[in-house]
Structures are given as structure tokens and as C-alpha cells.
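Down below is the structure, laid out as C-alpha cells.
The values are calculated or read from the model by the stated rules, or taken from the named source; none is laboratory data. Everything quoted here is computed from the prediction, not taken from an experiment. Every residue, glycine among them, receives a Cβ derived from its backbone with ideal geometry; neighbour counts consider all protein chains shown. Keep in mind that these areas ignore ligands, DNA and RNA; they rest on the heavy atoms of the full protein, side chains included. Shrake-Rupley method; radii C 1.70, N 1.55, O 1.52, S 1.80 Å.
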Amino acid sequence: HPATRAAMNAGVGKSRPAHILPIGLSVLGGGHLGGEEVCDAMIFLRHNIANDPAQVASELSQEKRADNGDWHIAPGFGSRFGSLDPHPQQTAKLLGQQEGAGRFLAWGENFATEIAAACMGWLSPGVVAAVLCELDFHPRAGAGLFQLICAPGILAHGLELANKPITAMPFLDEDHYDITPNARKD
């Protein structure tokens, strides 16, 4: 996640340890897989909870889709790098099987099933949004709660690289680093 990368950059960049978490959280508050998307996903779920997930998916799939990369058919649902992100799918399925699971997780799971053929499904902000809706939080609380939930991991990644050289960053090796031919300048 870009927030994790920001915290890692802050750590390896010798930022004060007290600044690593705020740097990561400022990125995590954004609209792409961040807190703003959690708020928007909560609004989307609340607005559509009474609607048929198949009908909502059908209506939204009429919109023009990006050719590559991430595409969000709706806040909290879409693709990562042109495919399904397996982690949120697994998390949503596990949460949906719990005793306290309710209609928002069920609706989201049905919606994710409807869009799966297009290589889309749950995104992490969508899973968090469904859980927060189940707990009856207002959408305005979504961003801050998402940041709170993710804070320990972001801080851990940043502190892991504090006091290490920049070579400790997980860069791709030459064999896996690909630059498109039209971007190369020989």
C-alpha cells in the first residue's frame, strides 16, 4: 500500500521515529484505497443495501472501464493491478461466516460475486466499510477508524527500516524491473 511505502521511506530516510506514523497515515487518509474510500464505500453500501446486488453491478458495469491497472467499479470494490486482490476476498468471506455478520457483509459478498467475472471484487476499504456499517458507525467516522486499524502495521514497517541504509528497501532486481520501450531513453 502507498501508506506502507511512505512509512518505509520515512524510516529509511532517517525521519524522526515520531514522524513515521503521521507520514504513513497522511497517505492512508487518501481516496485511493485509503480512508476517503472507506467513507465513500460506507455511503455506497448504505445507499444500495435495499437494492439487488446483481442489478447494481449491471448498472455500474455499463460505465467505461480503464484499460489497465486499478479500476473501482464502486467505492470499496474493483481490481488491483488488473486482477482480484485475494486478501480482501478471504477476509470478507471469513468475516461473513462469523456470528455477528449481517446484511452489509452479505450484500457486499453478493456484489463481489457479481463482479468477479470481470476480475473485480472486494477491496480492503470495502471490507472495512461493511464492518463499520454492521457496527452502525456513521460514514464520517470511517477514515479515522481505518487509519486507527492500520496504524500498527504502518508504524511497524517504518520502524523496521529506521536506522538502516537505503539498500535495505525492497527494490526490484534488474531481472524483474521492466520499463516499457517508449519510456526508455537510450
Practice prompt. Please list, in chain and number order, the residues 5+ apart from ARG80 or on another chain whose amide H is under 5 Å from its amide H, with Hs placed from the backbone.
Written response: ASP85
Discussion item. Rolling a 1.4 angstrom probe over the protein chains, ignoring ligands and nucleic acids, what is the accessible area of LEU159 in square angstrom, nearest 10?
Written reply: 80
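Between THR113 and LEU159, 0.36 nm times their residue separation minus their Cα-Cα distance comes to what?
12.8 nm
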Worksheet, complete the sentence: With R₀ set to 35 angstrom, the calculated FRET efficiency between the beta-carbons of GLN90 and ALA54, to the nearest 0.05, is 0.95
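Roughly speaking, to the nearest percent, how much of the chain's 1.4 Å accessible area is carbon and sulfur?
Accessible surface attributable to carbon and sulfur in the chain totals 56 percent.
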Practice prompt. Mind jotting down the distance between the C-alpha centroids of region 134-167 and region 1-66, whole Å?
Written response: 12
Worksheet item: Where does the charge balance sit around HIS138 when Lys and Arg score +1, Asp and Glu -1, over other residues with C-beta under 14 Å from its C-beta?
Response: -1
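Longest exposed-loop-site-free stretch of the chain, with trypsin sites (Lys or Arg not before Pro), DSSP loop and at most 16 other Cβ within 10 Å? Write out the running numbers ahead of the final one.
Details: sites that count: LYS14, LYS64, ARG65, ARG184, LYS185.
Maximal segment without exposed cleavage sites: 66-183.
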Fill in: For region 1-159, with +1 on Lys and Arg beta carbons and -1 on Asp and Glu, the positive-most of SER26, ALA116, ASN51 along the dipole
SER26
Practice prompt. Scan the chain and report its longest stretch carrying no GluC sites (Glu not before Pro) that are both in a DSSP loop and have at most 15 other Cβ atoms within 10 Å.
Written response: 100-186
Worksheet item: Using unit Cβ charges (K, R positive; D, E negative) and no other charged atoms, how large, in debye to the nearest 20, is the dipole of the chain about its Cα centre?
Response: 600
